[in-house]
1. Top mean-square fluctuation among ASP130, ASP234, ASP21, Gaussian network model of the chain, C-alpha springs under 10 Å?
2. Please arrange LYS29, LYS246 by accessible surface area, largest first, computed with a 1.4 Å probe and ligands excluded.
3. Tell me the Kirkwood hydrodynamic radius of segment 1-101 in angstroms, computed as one over the mean inverse distance between distinct C-alpha pairs.
4. Considering all projection directions equally, how large on average is the shadow of the alpha-carbon convex hull of segment 139-320, in square nanometres?
5. When the chain is treated as a GNM, springs tying every alpha-carbon pair under 10 Å, which of THR185, THR164, THR335 comes out with the largest mean-square fluctuation?
6. I need the Debye-formula profile for the chain: one equal scatterer per C-alpha, no solvent, reported as log10 I(q)/I(0) at q = 0.09, 0.13 1/Å, two decimals.
7. Over 18 Å, how big is the tail of the calculated P(r) for segment 103-148, in percent of all Cα pairs?
8. Can you list residues whose amide H is under 5 Å from GLU88's amide H, if they're 5+ apart or on another chain and H is modeled 1.01 Å from N?
Amino acid sequence: MKIAVPKETKLKENRVALSPDVVKDLVKKGFAVAIEKGAGANSYFNDDLYTAAGATIVNDRKEVFASADVLMSVNAPSAADIANMKKEAILLAFMYAQTHPELVEACSKAGISAFSVDAIPRISRAQKMDALSSQANLAGYKSVIMAADALGKIFPLMMTAAGTIKPSKVVIMGAGVAGLQAIATAKRLGAIVEVSDIRPETKEQVQSLGGKFIEVKGDASIKIEGGYVKGVSDEFLKMQQELIAKHAAEADIIITTALIPGRKAPVLISEAMVKSMRNGSVIVDMAVEQGGNVVGSKMNETVVTANGVKILGESNLPSLLPLNASELYAKNISTFLLHLATPEAFKWEMEEEITKGSLIVHKGTPVHPSVVKQPVTA
Ligand SMILES: NC(=O)c1ccc[n+]([C@@H]2O[C@H](COP(=O)([O-])OP(=O)(O)OC[C@H]3O[C@@H](n4cnc5c(N)ncnc54)[C@H](O)[C@@H]3O)[C@@H](O)[C@H]2O)c1
């Protein structure tokens, strides 16, 4: 089978789906690999490296799509690109299909199959394929580095002849994969770290990384399924905000990472909380692309409020570490491919958990429960 990798076209995207090392491995296993000219340039992988790894460099984007048996990308391609794919070809990418019905429609129209990387079940067997985690981990690290850079203070306690500098205080909202890496990074830099999450099991994880857990008493409105928060009531969010307010007012940095898959991100930092923060404090809203955890954050912009708080709204943090992000993504997606296929053909094990969980469109028909319209019952 022929794998093809296009150049990513999303604004500010520096990643690429396959690294030269992973290409080498796939070629050795018997796949043919075509890479669009310059696809790896922003990840510091020149075309020469791909050629040396056994790939063919293709100049014509249309040909990249038309010739692929398997198209592998980071972000889902546009509907126009998908229309150029051959019938029964297969797409592997981040589709976020539930919130992108136009992509599902484009795949159906083209008669292709599509597996979405973000829908791979979070089970131990699938850990090597878990691109959500590999990218969130890097994003968590980068969020702290960006915040540290924007803050006019150092993180650690420092005793000098001219006086003692108090350590900075970092508040992290959400202790998932990104949040836990943000805690570890902020601790390594010497900050005092306080953390809030609504999944009770995170308390121990936070403490083991040296963070202080801000305990919000849960209530029956919090629904958790498969390790994910599925929903939470407005009353609970209000109660949580009241408790967090005191911590926010004393924070030098707040990093928010709270997400609810397939839904708008919960608002955790209100306008009043932003107003209560000191001049020069920094907020990083990692949920900005999903609607934001912070009132006043703007996607891909740094907002400076009237009281001097900087709100950073970078939407694609992993892309700012393209070398690591592409290397890890390439490992994730090639492991995913090798699980689903041999170099000759896809296995189509329709009842197998990873296949079933991640297959969105099968030979032109939408099949994933999140995108198939349920019949209305009386
Ligand atoms: N293979 C595996 O077993 C595997 C791999 C990765 C992650 N996981 C698990 O999957 C789960 C989701 O991880 P994720 O990082 O993708 O989560 P996520 O990106 O969906 O959410 C980030 C965090 O925000 C939290 N959150 C949601 N609403 C909040 C609120 N109102 N206040 C504070 N925090 C709030 C969530 O609890 C979560 O910890 C975790 O349990 C994680 O440990 C399992």
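The values are calculated or read from the model by the stated rules, or taken from the named source; none is laboratory data. Being a predicted model, the structure only gives us computed values, none of them experimental. Glycine also receives a Cβ, built like all others from the backbone with ideal geometry; neighbour counts cover every protein chain displayed. These area figures cover heavy atoms from the full protein model, side chains too; ligands, DNA and RNA do not enter into them. Shrake-Rupley method; radii C 1.70, N 1.55, O 1.52, S 1.80 Å.
1. Between ASP130, ASP234, ASP21, it is ASP234 that shows the largest mean-square fluctuation.
2. Values: LYS29 100, LYS246 130 Å².
If we order LYS29, LYS246 from most to least accessible, we get LYS246, LYS29.
3. About 13.5 Å, per the Kirkwood formula over Cα pairs.
4. Details: hull surface 40.7 nm².
Over all viewing directions, segment 139-320 projects a mean Cα-hull area of 10.2 nm².
5. Largest GNM mean-square fluctuation: THR164.
6. Once normalised to I(0) and log-transformed, intensities are -0.57, -1.06.
7. 52 percent
8. Amide H neighbours of GLU88, under 5 Å, 5+ apart: ILE112, SER113.
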